[in-house]
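Contents: one structure, followed by commentary.
The values are calculated or read from the model by the stated rules, or taken from the named source; none is laboratory data. Quick caveat, the model's predicted, so the values are computed rather than measured. For accessibility, only protein heavy atoms count, side chains too; no ligands or nucleic acids. Shrake-Rupley method; radii C 1.70, N 1.55, O 1.52, S 1.80 Å.
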Amino acid sequence: MFRRRESVPFTFVAEADRFRSNVTPPPRERVGAGRIVGRTLVGLTVVAGLAGSLLFGVPALEPTQSPAHSQQSQADGR
């Protein structure tokens, strides 16, 4: 078995020199203008949805004002 001089804690690091590949990956596909516009519109839609939910949700979460006078039922006076 092949032994290395320096200690390597993981065997896959030690054996990495043996498994070099000469196959190059294919070139990256260029992103078209339509795809960029689509991604932008999706991002803007998500941001607008979050902003709208904050706009309508924050006032609903605020505590309501207590009434100035307390309501009494009619059954109390009888």
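Just a few scattered comments:
- Top-ranked residue in region 1-46 [being open to solvent by less than 100 Å² (accessible area, probe 1.4 Å), in a loop (DSSP other than H, G, I, E, B) and not acidic (Asp, Glu); ranked as modelled with the highest pLDDT]: Gly32
- Test for Ala68: is it assigned to a loop (DSSP other than H, G, I, E, B), of a type in the set (A, V, I, L, M, F, W, C) and modelled with pLDDT under 80: yes
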